[in-house]
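Student: Right, I'll just put the structure down here and ask away after.
Readers should treat all values here as calculations from the given coordinates under stated rules, not as data from a laboratory. As the structure is a computational prediction, the values presented were derived from the model and not from experiment. All Cβ positions, glycine included, derive from the backbone under ideal geometry; neighbour counts span all protein chains shown.
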Amino acid sequence: MGKKGILDRLKEGPVLGDGGYLLELEKRGWVRAGPFTPEVALTYPNALRELHIEFREAGAEVLQALTFYASRDKLATVGLENRLEDLNRSAVRVAREVAGDRCLVAGNLSLTWMYEPGSPSAADRVRSTFEEQLAVQVDEGIDFIIGETFSWLGEALIAVERARKTGLPVMVTICFENKDETAEGKSAADAAKALFDAGADIVGMNCLRPPEHILGPMEQMRKAVSGYLACQPVAYRTPKNKPDFTSLPEFPYGLDPLQLTRKEMADYAVQARDLGINYIGACCGAVAMHIREMARVLGKLPEDSRTWKKGGEKPMSAYEYYDHDKPGAESKR
């Protein structure tokens, strides 16, 4: 008997996703800001492996292969167009090694920057791009497919179309930039209906916006459709008039002061669950501390059981000295 699949898990209750990879690996020196291409899967797979391990240990139930921007056109921008197969294969392999029998592994497709509305030739290029990646990822043994960060609903629909041909479960999520609509002007509700009608198993939103500016559109999706919904916001604080974090002057090098706290991401997980969102994950800026707190509030991670013999009559740490361990202290973490 193999691992329980994503759809069976969703039947039983909310599933916890992982966090962001590219921006965190950029902070660690393994990804270059600007192209944000995932060659770390080839150049230093141990850095990628370590981040997967952190998310697994934090309680994530799904690990996404780092194949975001691992398409021929994007890789060509850094001279790696001939390494597409190697990169996609390595990314899935690393995720599978870490996942073992504890987590599911999601293959990953992302926006291509080549989609043009009303252009059959552009649509065909997107199709062949997705097919090329999917062939390698499926061959390497993914459990389901996540297509993500699509500002264009039209491109998201192509992702559904191509992913469905694999026979694996399909999750596709759109993103809103600074307006509450897709690039072609579709509402959250209309986008969700269209994606389900196209055959997606799970639909929703991810990236660009923090929980504060993504949960409203997600609520509109929930009111419009009855299928499984996914939400993966960024963990950066953005203003209401510029909710897309990539549009801020702080992107990409000055984001550190905008990062949400672990408690804020835990609060988001509870709100998402209460809204009826089924797949609760996170995106850029979300690291293991965020996923760990989300896992705790969703009841997916036990309290820390490691031995700690407190200092007796005298405190043996500032944690005790300042009464942070006493009932009523704001937080133990």
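Student: So, with +1 on the Cβ of K and R and -1 on the Cβ of D and E, and no other charges, what is the size of the charge dipole of the range 6-304 about its Cα centre, to the nearest 20 debye?
Tutor: 200
Student: How tilted is helix 188-197 with respect to the longest principal axis of the chain? Cα atoms for both, answer in degrees (0 to 90, nearest 10).
Tutor: 60
Student: Once the Cβ-Cβ distance between Asp8 and Met316 is put in as r, and R0 is 51 Å, what FRET efficiency do you end up with, to the nearest 0.05?
Tutor: E(calc), rounded to 0.05, equals 0.65.
Student: Pairs to check: Lys193/Lys240; Lys186/Lys263; Lys3/Lys27. Give those whose C-alpha atoms are more than 30 Å from each other in this structure.
Tutor: Lys186/Lys263; Lys3/Lys27, as the Cα separations exceed 30 Å there.
Student: Find the eigenvalues of the gyration tensor of the Cα atoms of the range 14-76, then list the square roots of 5 times those eigenvalues as equivalent ellipsoid semi-axes, largest first, in whole angstrom.
Tutor: That gives 21, 13, 10 Å for the three semi-axes.
Student: If one puts a single equal scatterer on every Cα of the range 1-138 and applies the Debye formula without solvent, what log₁₀ I(q)/I(0) results at q = 0.09, 0.13, 0.15, 0.21 Å⁻¹?
Tutor: For the requested q values the scattering log ratios are -0.29, -0.58, -0.76, -1.24.
Student: Continuing with this model, one more query. Picking from Val62, Val138, Leu298, whose Cα lies most toward the positive end of the charge dipole for the range 6-304 (charges on Cβ: Lys, Arg +1; Asp, Glu -1)?
Tutor: Working it through, the farthest residue towards the positive pole turns out to be Leu298.
Student: So if R0 is 56 Å, what FRET efficiency would Asp325 and Asn82 give, r being the distance between their Cβ atoms, rounded to the nearest 0.05?
Tutor: So the FRET efficiency works out to roughly 0.50.
Student: Once the cut-off is 18 Å, how many percent of the Cα-Cα pairs in the range 120-184 end up in the long-distance tail?
Tutor: 37
Student: Just to verify a number: FRET efficiency for Lys242 and Ser187, C-beta to C-beta distance, R0 = 22 Å, to 0.05?
Tutor: 0.65
Student: Can you list which of the chymotrypsin sites (Phe, Trp or Tyr not before Pro) found in the range 289-333 are DSSP loop residues with at most 13 other C-beta atoms within 10 Å?
Tutor: Here the chymotrypsin sites (Phe, Trp or Tyr not before Pro) that fit, given the DSSP loop and packing criteria, are Trp308, Tyr322.
Student: Output the relative contact order of the range 46-187, whole-number percent, from Cα pairs under 8 angstrom with separation of 6+ residues.
Tutor: 22
Student: Same structure, new question: How tilted is helix 153-164 with respect to the longest principal axis of the chain? Cα atoms for both, answer in degrees (0 to 90, nearest 10).
Tutor: Result, in degrees: 90.
Student: While we're looking at this one, here's another question. Can you tell which of Arg49, Arg306, Arg164 shows the greatest fluctuation in a Gaussian network model of the chain with Cα springs below 10 Å?
Tutor: Arg306
Student: Once you order the gyration tensor axes a ≥ b ≥ c over the Cα atoms, which shape class does the range 199-323 get: rounded for a/c under 1.5, otherwise prolate or oblate by comparing a/b with b/c?
Tutor: oblate
Student: Could you give me the radius of gyration and the Dmax of the chain, taking only the C-alpha atoms into account and expressing both in angstrom?
Tutor: That works out to 19.9, 76 Å for Rg and Dmax.
Student: Provide the gained length on full extension for the span Arg28 to Asp256, in nm with one decimal, where the gain is 0.36 nm per separating residue minus the Cα-Cα distance.
Tutor: 80.8 nm
Student: Can you tell me the orientation of helix 120-140 relative to the chain, as the angle in degrees between its alpha-carbon axis and the longest Cα principal axis, to the nearest 10?
Tutor: Taking Cα atoms only, the helix is inclined about 50 degrees.
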